[in-house]
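Beneath this line is the structure, given in structure tokens, with notes to follow.
Each value in this text was obtained by applying a stated rule to the coordinates, not by laboratory testing. All figures in this text were calculated on a predicted structure; none of them were measured in a lab. Please note: Cβ atoms are built from the backbone with ideal geometry, for glycine as well, and neighbour counts cover all protein chains shown.
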Amino acid sequence: MTTEESILNKIQILITKHFETPKAAFEFFDADNDRKLKKSEIIKLLKEAEINGFIRGIVSSKLIEGYDKSGDELVDWDEFKAAIAKIKTA
């Protein structure tokens, strides 16, 4: 299993064990309720998914880089859904 697959797997486990839906997870981590996840909110998600603290900053940047299609350096619900879809096929 690659590092990316391992990280995506941990995120999937977090979402399925602690939230009824991916939307509920998104809303939980969207602390300021702006309907977008900023880097600090993604880092919190990664922490809850038990991603090593040393790599959380790198991983959060890569997630934003990979899924932020609007270019605002935030992950909105549609972009989050795309990430979840990738998890389900990983």
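Structure above, values below:
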{"item": "Net lengthening on full extension, residue 32/residue 73 (0.36 nm per residue, minus Cα-Cα)", "result": "13.2 nm"}
{"item": "Where labels lie 7 Å past Cα in the beta-carbon direction, separation of residue 82 and residue 6 in nm", "result": "2.7"}
{"item": "Contact order relative to length of the chain, as percent, for alpha carbon pairs under 8 angstrom and 6 or more apart", "result": "33"}
{"item": "Amide proton proximity set for residue 37, modelled H, under 5 Å, gap of 5+", "result": "75, 76"}
{"item": "Radius of gyration, Dmax [the chain; alpha carbons; angstrom]", "result": "11.8, 35"}
{"item": "Around residue 51: net Lys/Arg minus Asp/Glu count, Cβ-Cβ under 12 Å", "result": "+2"}
